[in-house]
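The values are calculated or read from the model by the stated rules, or taken from the named source; none is laboratory data. Model, not experiment: these values are computed from the prediction. Cβ placement follows ideal geometry from the backbone for every residue including glycine, while neighbour counts extend to all protein chains displayed. Surface accessibility is based on the protein's heavy atoms, side chains included, excluding ligands, DNA and RNA. Shrake-Rupley method; radii C 1.70, N 1.55, O 1.52, S 1.80 Å.
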Amino acid sequence: MINVNTVFYTLYLRLLKLYRMRKLLLLSSIFSCFISSCQSQQETKNQPVTIQAETFHFNPLTPEQKKAYADAIAPLYKKDLLDKGFNGAILMAKNGEVVFEDYHGYYNFKNNEKLTPDDPFHLASISKTFTAMTLLRLWEQGRINLNDTLQKFFPQFPYQNITITELLSHRSGLPNYVYFMDEKKAVVTYTRNKRGRRVKVVHFVASGNEVKGFQTNEDVLNYMIKYKPAILALPNKTFHYCNTNYALLALIIERVTHIPFPQYMKDSVFNVLGMKHTFVFNIADTANYVPSYQANKAPFKLEKLDCIYGDKNVYSTVRDMLLWDRALYEGTFVRPQTLSMAFEPQSHETRSNHNYGLGWRMLLDGTNGPIIYHNGWWHGNNTVFTRLINDTATLIILGNKYNRNIYSARKLTSVFSGTSDTSRVEE
C-alpha cells in the first residue's frame, strides 16, 4: 500500500531542490500544511472512539409530547411485532419517562396465563450488563483490581495471564462452556454411496467428558481445571464472544464478596435500585421454573446448562429494566467516569461500526450517535435493551416465545432519532 504522506513529502523535497524561485515558497508551505493535515487525519482515524457518559438530569416531558410519541410508536409496533407473532412485553422511554408500554400474549401457555407487568422474563445475555457493572462497582470500591489474573481467585486454573479486563471484554481466548461441557468427538468412517463411490462419513459420539445433570458455575470451573479444553486464542489477541468469561466473572464476585452471586445481586443491586421483580435464577429455583416457548408454542424444558449464571439467568421486567437504565444515566450505581470506561471499544481487529466494551455492545455508525445495547437469546427468550445516548431514549423488548423479529424491531427507535435504524445488530 502506498503511503500518502511519503509520496507528498518526497515531492516536497524535489520541489525545493529543483526550484529556488521565491514564488515557490508559497507552494512549499502549502505542501507542508497538506502533509501536516494528512498526518493529523491519520492520527485521528487511528484513535479509539470514546463515549463520555454523563450524569443526566432529565427534562420532564409534557403530556402532549408523551402522546405524540405513543401515537407514532403504535403503528410501528403493530407492523413490526404484533403482526409477526410477538409474545412478550415492550417499553419505550424518553428522558427516563415511559412513552409506550404493552404486554401481549401469555406468560404460561399451559394454563393460558396472560402476561402482566410483574411477570419476569429471562434476559439471556442482557444479564452480562449486570455482571459487568457489578464487577466495576467492586473495582470502584477498591475491592478488586481489573489487572488481576484469574489465578488470584482460582489458584488451580490452568490458563495463564488472563485478566479480569479480558473476561469483561471477551478477549480471554477461552472456549465456550456451552460447547465443551457437552463435548463430542468426531469418528470418521468410509462407505459407498449409490454410485459405488467411496465417501467419508463423520459421526459425533460421546467423548467421555460430557456432563450429566444440572451444572453450576463451580462445575464449569472444575471441568476446565480437570480437562483443560483447548483455547481459541492467546489472551488479548482477539475478540471472541464467550459465555465462559461471564460465568467466571460471577464466581469472582462470589470470591470477593463471600456471598453467593444470586444473593449478592439481590441485596446489593436489585433491591438497592428498587427492582422488585428481578432475580438470578439458579439451581435452587428449578422447582419453580416457568418455561419459554418455541415458535410453535412447545415449551423448552430445563437443560443441564440452565443453572449457570453471570452470562445469563437474570430474570426481570421491562419496568425494572427502566430502573436499571435510569441508574446508569443518573450515575447512581457506578460513576459516569466508570461507565465511560465500560463504553470504550475493546474489539479492534476488524474495521466495523460494531464494537464491544466492558459488558456492552455498541454501534458507532455516526447516524444516530452512539447506540449502547445488549441483546439476548436463550431457548425461546429473545431480548433487546437498546440505549440511544444522544436522545436519552431507551427501547426494552422481552419475549418468551422464539421470534427473531424482536431484534429487527429496533426500527421503532426512529420515533426518537428521526431516522429509521436498519443497521444489523449482534444478537
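Taking every eigenvalue of the Cα gyration tensor of segment 229-329, multiplying by 5 and rooting it, what semi-axes result, largest first, whole Å? Please report the intermediate quantities before stating the final value.
On the way: eigenvalues 116, 93, 48 Å².
Calculated on Cα positions only, the semi-axes equal 24, 22, 16 Å.
Stretched out fully, how many nm does the piece from Lys84 to Ile259 gain, at 0.36 nm a residue minus the Cα gap?
Details: separation 175, 0.36 × 175 = 63.00 nm, distance 4.30 nm.
Net length gain for the segment: 58.7 nm.
Mind grabbing the accessible area of Val199 for me, 1.4 Å probe, Å², rounded to tens?
50 Å²
If one puts a single equal scatterer on every Cα of segment 309-427 and applies the Debye formula without solvent, what log₁₀ I(q)/I(0) results at q = 0.11, 0.13, 0.14, 0.16 Å⁻¹?
Normalising to I(0) and taking log10 leaves -0.36, -0.52, -0.61, -0.81.
About the Cα centre of segment 96-172, what is the dipole size in debye to 20, counting +1 per Lys and Arg Cβ and -1 per Asp and Glu Cβ, all else neutral?
460 debye
Suppose we look only past 21 Å in the calculated P(r) of segment 87-193. What percent of the Cα-Cα pairs does that tail hold? Mind showing how you got there, number by number?
Numbers: 3660 of 5671 pairs.
Tail fraction, whole percent: 65.
Suppose every K and R has +1 on its Cβ and every D and E has -1 on its Cβ; what is the size of the dipole of segment 114-262 about the Cα centre, in Debye to the nearest 20?
Computed about the Cα centre, the dipole is about 1280 debye.
Under a point spin-label approximation (7 Å from Cα along Cα-to-Cβ), what is the Thr116-Lys212 distance to one decimal in nm?
4.1 nm
Provide the three semi-axes, in whole Å and in decreasing order, of the ellipsoid equivalent to segment 337-386 as defined by the square roots of 5 times the Cα gyration tensor eigenvalues. Before the final figure, lay out each step's value.
Details: eigenvalues 81, 35, 28 Å².
Gyration-tensor ellipsoid for segment 337-386: 20, 13, 12 Å.
What's the extension gain from Asn288 to Glu344 if we count 0.36 nm per residue and subtract their Cα-Cα distance? If you can, show how the numbers build up before the last one.
Numbers: separation 56, 0.36 × 56 = 20.16 nm, distance 3.91 nm.
Stretched out fully, the Asn288 to Glu344 stretch lengthens by 16.3 nm.
Label Lys226 and Arg143 with points 7 Å out from Cα along Cα→Cβ: what is the distance between them in nm?
It is 3.1 nm.
Quickly rank 373-382, 189-198 as a protection proxy: mean count of other C-beta atoms within 10 Å, highest first.
Values: 373-382: 22.6, 189-198: 7.7.
Per-residue Cβ counts within 10 Å, averaged per peptide and sorted highest first, yield 373-382, 189-198.
Can you compute the equivalent ellipsoid semi-axes for segment 187-286, i.e. the square root of 5 times each eigenvalue of the Cα gyration tensor, sorted largest first and rounded to whole Å?
Working: eigenvalues 355, 60, 41 Å².
Here the semi-axes work out to 42, 17, 14 Å.
Could you calculate the FRET efficiency of Asn390 with Ala233 from 1/(1 + (r/R0)^6), where r is the beta carbon distance between them and R0 is 45 Å, rounded to 0.05?
Values: r = 34 Å, r/R0 = 0.76.
Between Asn390 and Ala233 the formula returns 0.85.
Return the loop-located GluC sites (Glu not before Pro) in segment 52-134 (DSSP other than H, G, I, E, B) with at most 16 other Cβ atoms within 10 Å of their own Cβ; answer none if there are none.
Those satisfying the criteria are Glu54.
In µm²/s, what is D for segment 232-275 at 37 °C and 0.692 mPa s, where D = kT/(6 pi eta Rh) by Stokes-Einstein and Rh is the Kirkwood radius from Cα pairs?
Working: Rh = 12.2 Å.
Rounded to a whole number, D works out at 269 µm²/s.
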